[in-house]
1. Bin by bin, in steps of 10 Å, what percent of the Cα pairs in segment B:50-96 do you find, going until the bin that has the longest distance?
2. What are the label-to-label distances in nm, one decimal and shortest first, from C:Gly342 to the same spot in the other copies, with labels 7 Å along Cα to Cβ?
3. Where a Cα-Cα gap under 21 Å defines reach, which lysines qualify for C:Lys209, not counting those fewer than 8 residues away within the same chain?
4. Please find the FRET efficiency linking A:Thr27 to B:Asp208, where r is the Cβ-Cβ separation and R0 is fixed at 60 Å, and quote it to the nearest 0.05.
5. Relative contact order for chain A: what percent, with Cα pairs under 8 Å and sequence separation of 6 or more?
6. Set the bar at 27 Å for Cα to Cα. Now go through D:Lys71/D:Lys202; A:Lys71/A:Lys203; B:Lys36/D:Lys36; A:Lys202/C:Lys6; B:Lys6/C:Lys312 and name every pair that lies beyond it.
7. Taking a ≥ b ≥ c as the square roots of the eigenvalues of the Cα gyration tensor of segment A:94-141, is the shape rounded (a/c under 1.5), prolate (a/b larger than b/c) or oblate?
8. Any chance you could check the Cα centroid distance between segment C:48-69 and segment A:275-344 for me, in angstrom?
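The values are calculated or read from the model by the stated rules, or taken from the named source; none is laboratory data. No experiment lies behind these values; they were computed from the predicted model shown. Note that we place each Cβ from the backbone using ideal geometry, even for glycine, and neighbour counts take in every protein chain shown. Remember, those area values only see protein heavy atoms, side chains included, never the ligands or the DNA or RNA. Shrake-Rupley method; radii C 1.70, N 1.55, O 1.52, S 1.80 Å.
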Number of protein chains: 4
Amino acid sequence: MIVVMKVGSPEAEVSRIAEEFVSWGLTPEKIVGQHKVVIGLVGETVSLDPLQIQEVSPWIEQVLRVEQPFKRASRAYRQGEASEVAVPTPNGTVSFGEHHPIVVVAGPCSVENEAMIIETAQRVRAAGAQFLRGGAFKPRTSPYAFQGHGESALGLLAAARDATGLGIITEVMDAADLDAIAEVADVIQIGARNMQNFSLLKKVGAQDKPILLKRGMAATIEDWLMAAEYILAAGNSNVILCERGIRTFDRQYARNTLDLSVIPVLRSLTHLPIMIDPSHGTGRAEYVPSMAMAAIAAGTDSLMIEVHPDPKKALSDGPQSLTPDRFDGLMRELAVIGNPLGRWAGQPAVV
Amino acid sequence: MIVVMKVGSPEAEVSRIAEEFVSWGLTPEKIVGQHKVVIGLVGETVSLDPLQIQEVSPWIEQVLRVEQPFKRASRAYRQGEASEVAVPTPNGTVSFGEHHPIVVVAGPCSVENEAMIIETAQRVRAAGAQFLRGGAFKPRTSPYAFQGHGESALGLLAAARDATGLGIITEVMDAADLDAIAEVADVIQIGARNMQNFSLLKKVGAQDKPILLKRGMAATIEDWLMAAEYILAAGNSNVILCERGIRTFDRQYARNTLDLSVIPVLRSLTHLPIMIDPSHGTGRAEYVPSMAMAAIAAGTDSLMIEVHPDPKKALSDGPQSLTPDRFDGLMRELAVIGNPLGRWAGQPAVV
Amino acid sequence: MIVVMKVGSPEAEVSRIAEEFVSWGLTPEKIVGQHKVVIGLVGETVSLDPLQIQEVSPWIEQVLRVEQPFKRASRAYRQGEASEVAVPTPNGTVSFGEHHPIVVVAGPCSVENEAMIIETAQRVRAAGAQFLRGGAFKPRTSPYAFQGHGESALGLLAAARDATGLGIITEVMDAADLDAIAEVADVIQIGARNMQNFSLLKKVGAQDKPILLKRGMAATIEDWLMAAEYILAAGNSNVILCERGIRTFDRQYARNTLDLSVIPVLRSLTHLPIMIDPSHGTGRAEYVPSMAMAAIAAGTDSLMIEVHPDPKKALSDGPQSLTPDRFDGLMRELAVIGNPLGRWAGQPAVV
Amino acid sequence: MIVVMKVGSPEAEVSRIAEEFVSWGLTPEKIVGQHKVVIGLVGETVSLDPLQIQEVSPWIEQVLRVEQPFKRASRAYRQGEASEVAVPTPNGTVSFGEHHPIVVVAGPCSVENEAMIIETAQRVRAAGAQFLRGGAFKPRTSPYAFQGHGESALGLLAAARDATGLGIITEVMDAADLDAIAEVADVIQIGARNMQNFSLLKKVGAQDKPILLKRGMAATIEDWLMAAEYILAAGNSNVILCERGIRTFDRQYARNTLDLSVIPVLRSLTHLPIMIDPSHGTGRAEYVPSMAMAAIAAGTDSLMIEVHPDPKKALSDGPQSLTPDRFDGLMRELAVIGNPLGRWAGQPAVV
């Protein structure tokens, strides 16, 4: 921590502050500049809150943090090595991580009925996806909109898993549903709106299933890594970070602004695997292919893509879904750059 | 709903779409412009999702909503009349609303111990506050930061209530704590980070205590009113809306951007009472007084102000807290404009 | 400047860097923390660019600026005293500043014809305004929209000045028009879109007329003060800062987000006078009164309010204009709080 | 245009409004919904301002634009075909556009001296760039920062052009410099801060050299296309759109948020060629390669990359510059995906 004193701070006050920090168990080191005095705090400062330090004296102008506030999520925590999240599925273990082929997660926003979810699962499996996504519990802006079929949809996801061997990713919104979801899901999703639902983060951190943590709509990268830190600190080390578009000043032509620059930034800050969701990220099916291509080129470890057998009849998020045929084509397009980059798994699977 | 067709849409497609809408029970009305065709949809359109309509045809360029998506929260729902939220407290019923004096809520970010919470309660009561705020369960960005004293703090809030007669406002973060909180709290707060925790909204909507709904950091006014709608739709009609600063591109000198323009905007859109929290809204005690003044001048129904007996020792949010003496002075300053505006309750209370 | 080294930086590299800074004429002071080494740079650092320092070594993690980048605009530059901008007008000198009554600037977005500008001037003068605003050259998003009547409108502003004695404020968009504008205007406005048109800032800084510097739509407070610094550094010390709404994620109900929290922030950072423009700041006439009230309560030195004799026929920005009657009423409402705050000039002027 | 009336609008008022629109030469068509009446305006509505319409009656709730406000910039203006900007350079004509190989523009932020600019030009030419960028006039946030060497730097750019045959791209900040710049530059850049300097846009539109129009930091896509429209409407049809990062709520790890999703959005809205600048877009050299890769995968027509022979000694923007060696390597990496996508020009040029 660096404590910057206001111009004209009395020497006695600077000394008093330094003594206060000594009483906190820290070693203050003073630098006297031309206009300002700066105090460097040496010692166990990670858990200190800059805001708390600021209150030690009205003569403190600002407190600058030098250490990152996240520990377990930081790349340094693993000596610079990437981590991998290995997920057992009926088709075998699938690993998310920097040194693995890109994992493709596909499926509808909501599980609507058995026929559609099984058909979708078969189609995306045939095209090369390893995971099926599908919402049983849906966060909807309006209380009057379709809220997901809930527990009954979990059964349909299990059936789709049985039918195709795909791993299942589905969202938990309420800790009360966690056990039921964990029985079916291979990866449990925390949605953007719950990224800072700290009670829920602690609970998913206290169980075993890997967690897909979506970035909040206005979450800074630091907020996001601190949310991951909640899960890691609670004991679950299998966390995948998913960018799904942020909220900016322009929402006229795309629902959100997909922030692909998080890929190199996260790579340098954290060891955790990275997923990109261009479907929610743009909100429009026609922009998904070019953003999926870009995500691969930028180095993502995984993609989440909405696929619906009949997007115009989708009960939620239809306009951002691809048809299975379009998804088929997209997978072939992705291979064009995934292959030369050495991140593509090879031939599409055949069911 | 207004459906705008792309330039060059085939007439047959426009007819097909119109028929589809008829099959949905709507009456489509076609307007043929110079370049574009527009279809107005007449009928029960409020529950329709524009995104769903868009998927009816690839020739649809955009779907414009004409109706507001919120119903119970809308001003029209009460024929243009303001609602009031009347809260019984030991000192008598306190009403939040456009036709009542401004209600002042004050207290520390966290309940730290019995002495501090009772002292603070007595001081803010003496200065004229009607409610005591204090966190038992605290949402903190870091898992390593102080998370609140939890249930034991609820007992201290009850003691402060007994000692002063002030109403109590405290936050719920986890539905599992709701019953315990509802036993002590006169108003239950939903924090900014849980504004779209829809599971929690439904649960607080299904109980009786009034709800203080803080605006999410990047929540549009429509998102916020839709979150209120969740509570109203679940059966609880006592909702107060609290602005606490939004996230913008500039965070260097103030932690958030306090959006006071919500006051006239909300007034025109909704009947619900409005509260402003300049403490979180700016993050710095020195900016609180002028923003509290501004909030009153703009027409707020209520203010929430952080007060801590010794801000520099506060376990959370110290830099934005006022001392009891500064709060005393501020209340006198607020009266200078609150009185001529006819929104001030008169003499500060004497304990 | 504080230079933070990456974890694991080799000692030899830290020494090399320190020597490099010595060669720049600076005195580096090293603080060795638990995980990181930090170097404080003492000396003439204000003109250094943190980005330039960062390039000295790939082992540098970040560079933190301790000094503010603005000098002449800073409050410290005047030893904490406010400055005033005194503007001679036919009706006498009007001073903008913290220790003066609030100055009200009113008038239409564009000067449309002689009758309308003179009528408006007379009405706003009668209601108590000291300055007439009116655009001769208009920045418009579309090249097909009305661009202002240009030089001929300057003549009409001069006529309105003669008829009422009001000072004139009008915008310069092109340095080629500066002389013509300076002949008529008592204060020259730089619009939000030109806030970082540095060529223009230098030119208005090199002439004598006071400058009204509107904040850019996404300008941080620091960007804005640095734009003022351009004018001050060029020799013109008469700069008024005008907040007119920033661009945020929500534009549905108000055109911009009026950032009233700049008032206390600017007060602490700069000596320059502050103006608030609630008309552009909200974009809707119905929100103007409550935001004007709030601006006064928050401590603004000046208000800019759009008034048009017939807003629905306005050639630009009609919906945010008040009628002269509504402006009359507003001035009486503003007096209700301006008077007890000691910032109101007294009786409305009588022409 | 769609005019939405407030709930409860009197029939007489709706009729009066309809008549007013008839008097404007429009054909109003009325749709009576369950709660609201909507009026579609048929006729020449493109040049109408929604704000102006809103003022016709206080009973108008909102005005929705159905037509896009840009014409010449719209894809429809060219019947869906892409345009190309063909620029003659000593090495031959280079074309920017959807049906051409990706054009690479490289060079330093500022022209510092003859040796550095010629060395850089030779190196980027050898690596495969077709254009040299270099600032003679630099927009700098601080008046105390290096402002570019001005006219003398133009001479050095001409020398670099002679030495390498590369085309030259440099920025104009002041119309007074336009002639001198146009003598040297093959493409003239309008910087982000001048994107809405409408006077300058008109002037560069009235001359012949192609224009590179950078997106403003908080410019919506519509704002940006309307700025292009200014240039097109003034007679210059050679405009290239360059994304260079937008301002969002998070600036901690990257200077701006590079918005790659503009690529598919612009492709659908406009025929103009697209350039991406990952150097300014992220502000850090280490993020440039992955963002350049992503831009190609997303379909950009051109890249602008900062290269400096000794970034740590750069007079401006050092930290975002690549060394010539790193640029060499990057060009080979880009070919890995540029080739299979059919957008790469083939072998690097040999000088």
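1. Over segment B:50-96, the share of Cα pairs per 10 Å bin runs 20, 25, 21, 17, 11, 6, 1 percent.
2. 2.8, 7.3, 7.7
3. C:Lys138
4. On the way: r = 54 Å, r/R0 = 0.90.
Working from the Cβ atoms, E equals 0.65.
5. Working: 737 pairs, mean separation 57.4, N = 351.
16 percent.
6. Values: D:Lys71/D:Lys202 16 Å; A:Lys71/A:Lys203 20 Å; B:Lys36/D:Lys36 22 Å; A:Lys202/C:Lys6 31 Å; B:Lys6/C:Lys312 31 Å.
A:Lys202/C:Lys6; B:Lys6/C:Lys312, as the Cα separations exceed 27 Å there.
7. Details: a/c = 3.64, a/b = 1.50, b/c = 2.43.
Oblate is the answer for segment A:94-141, as a/c is 1.5 or above yet b/c matches or exceeds a/b.
8. 40
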